[in-house]
Amino acid sequence: MAAPMKFARLSCQTQIKSFCAFSCNKKNLNGIHKARFIHNDHNGGEYDVAVIGGGIVGMATAREMKVRHPNLLFIVLEKEKEISHHQSGHNSGVIHAGIYYTPGSLKAKLCVQGVELLYDYCDKNNIPYNKCGKLIVAVEKEEIPRLEGLLERGNQNGVKDLRMLGPKEIKEIEPNCEGLKAVHSPHTGIIDYKVVTQSYGQTFEKLGGHVYTDFEVTDFSVTKESGHGIDYPVTIRGSGEGKASSREVKCKYVVTCGGLFSDRLAELSGCNREPRIVPFRGDYLLLKPEKTNLVNGNIYPVPNPLFPFLGVHFTPRINGDVWLGPNAVLAFKREGYRLTDFSATDAKDAVSFRGLRKLAMRNLGFGIKEMYRGFNIAAQVKLLQRYVPSLKVSDVTRGPSGVRAQALDRDGNLVDDFVFDVGVGELGSRILHVRNAPSPAATSSLAIAKMVADKVENTFHL
């Protein structure tokens, strides 16, 4: 592709032009991932490794393993009719640089590695992105020490070209932003992660991998010893729409990257369900098209350690939109993107978990305020005005929502690190579960894939 867009006063029209130039490729990507389970395919439904979950981590992992082992047979099983349907297609699209994470931690290392891998991959595969940068803005004096700590943390993590700005320099980058100080991250960007995930899928298929959509895994079992039962000892059963509503795949090993359903997939193979996945919905506001010039890049708050989530921010989109928010509220359906979405099973599962109850009691005031801002646009705008005072309620409309798969332990602590799980016995020992791949998993997807592939090779001796 042409040289990536650098931080500049890029208009929404410039961003849309870049996005539209990619539209024909995007249509092709969409076309190859329609539901097409072939019950008696040429491999007889038998594979060396099955990856469950067609989100960005699952597809990146499948692609990485197929690159490493071109002679092995791989399949990805996805319950929806297309890949990247949920978290990978319902997120803010920010390419994170690696500022926030504890120095030396796996999250920090994978993010710093992952952002470089992602930009390189996008350049090689003509995927548009915009290095529009990010300001982390302190608007109160007590936030300045925490901001300085973030700068030090980012430098320790190896994040490139970070610098501290004063009020005048903030205005040079974001004329409508008010702040006492800010950390500028010029290599933070924006992208459409749905397009990225579909590109991973296209590469995987070109290498000979198979993607079966409309396959919701319902059971793992040991294959009966007949025919190739010994060669392919794991049978995965699934359900879906269409003529082949009951279906199965046999394989030697399984890797699950189930996102919002990772705990339930682990339970199917005999593992403990904890850490439990609790869904939190984030509702965004949307700047009206004529107001998108209020911001040039990402504007973020200084995180408050007293609260479990980051807080509201301004996020430009690769198509020219600008998202504002989100809040963070309990979702009563794991894939519920609307306020009225409800699943009795998911709701009972969440509220009966002692970890959620403990988290809620510790953050009761915060939770009530988050729910209130979900209903009251003016209240959400008031928070955003701390950073862009000229923003008005009349400048925004209700926007999209996303659901975050938040892993919780039984004491109500947010699980903020990677969690892998392998069961025991003939069945469990052949299934590796990626139980938790925390944010910024999309940015870090290629680095995470290398780590997961390493773990697969070491666990299963591929």
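Read-outs: derived from the displayed coordinates by stated rules, not from any lab. Model, not experiment: these values are computed from the prediction. Neighbour counts run over all protein chains shown; Cβ positions are idealised from the backbone, glycine included.
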Please work out how much length the chain gains when fully extended from Asp120 to Ser352, using 0.36 nm per residue of separation minus the C-alpha to C-alpha distance, in nm with one decimal.
79.1 nm
If you bin every alpha carbon distance in region 145-256 into 10 Å steps from zero, what whole percent lands in each bin?
11, 21, 20, 12, 17, 15, 4, 0
Can you compute the charge dipole magnitude of region 280-410 about its Cα centre, using +1 on each Lys and Arg Cβ and -1 on each Asp and Glu Cβ, nothing else charged? Give it in debye, rounded to the nearest 20.
360
Leading residue at positive end of dipole, region 100-149 (Cβ point charges), from Pro145, Leu118, Asn130:
Leu118
Taking a ≥ b ≥ c as the square roots of the Cα gyration tensor eigenvalues, with a/c under 1.5 meaning rounded and otherwise prolate when a/b beats b/c, else oblate, which class fits region 94-172?
oblate
Between region 284-347 and region 85-125, how many Å separate their Cα centres?
18
Nearest-5 percent of antiparallel DSSP beta bridges in region 179-273?
100
Of the options Ala405, Phe74, His433, report the single residue whose Cα projects farthest towards the positive end of the charge dipole of the chain (beta-carbon charges: Lys, Arg +1; Asp, Glu -1).
Ala405
Rounded to the nearest whole number, the Stokes-Einstein translational diffusion coefficient of region 44-202 at 10 °C and 1.306 mPa s (Kirkwood radius, C-alpha pairs) in µm²/s is 89
If you take all C-alpha pairs in region 134-186, what percent of them are over 18 Å apart?
25
Sorting Met164, Thr102, Ala449 by the position of each Cα along the dipole of the chain (Lys, Arg +1; Asp, Glu -1; all at Cβ), the one nearest the positive end of that ordering is Met164
Could you pull out every residue, at least 5 positions away or on a different chain, whose amide H is within less than 5 Å of the one on Arg276? Hs are placed 1.01 Å off N in the peptide plane, and Pro or chain starts have none.
Leu408
Working from the pairwise distances between different alpha carbons, so that the mean of 1/r is found and then inverted, what is region 377-462's Kirkwood radius in Å?
16.9
Cα gyration tensor category, rounded, prolate or oblate, for region 276-315 with a/c compared to 1.5:
oblate
Sort region 280-410 into rounded, prolate or oblate with this rule: let a ≥ b ≥ c be the square roots of the eigenvalues of the Cα gyration tensor; rounded if a/c is under 1.5, and if a/c is not under 1.5, prolate when a/b is larger than b/c, oblate otherwise.
prolate
Cβ crowding within 10 Å averaged over residues, with 96-104, 202-210, 389-397 ranked highest first:
96-104, 202-210, 389-397
For a paramagnetic label modelled at 7 Å from the Cα of Ala360 toward its Cβ, which residues of region 367-405 fall within the zone defined by backbone nitrogen distances under 15 Å?
367-372
Please sort 298-307, 57-66 by packing, taking for each peptide the average over its residues of neighbouring beta carbons within 10 angstrom, highest first.
57-66, 298-307
As a percent rounded to 5, the proportion of antiparallel DSSP bridges among beta bridges in the chain is 70
Can you pull a Stokes-Einstein diffusion coefficient for the chain at 20 °C (1.002 mPa s), Rh from Kirkwood over Cα pairs, as a whole number of µm²/s?
93
For a label point 7 Å from the Cα of Glu178 along Cα→C-beta, name the residues of region 395-434 whose backbone N is under 16 Å from it.
none
What is the distance, in nm, between label points placed 7 Å from the Cα along the Cα-to-Cβ direction at Ile368 and at Glu216?
3.7
Give me the distance in nm between label points sitting 7 Å out from Cα along the Cα-to-Cβ direction at Asp454 and Thr340, one decimal.
4.9
Just how large is the dipole of the chain about the Cα centre, in debye to the nearest 20, putting +1 at every Lys and Arg Cβ and -1 at every Asp and Glu Cβ?
980
I want to check the label-to-label distance for Leu306 and Ser429. Put each point 7 Å from Cα in the C-beta direction and report it in nm to one decimal.
5.2
Debye, to nearest 20: dipole size of region 134-186, +1 on Lys, Arg Cβ, -1 on Asp, Glu Cβ:
140
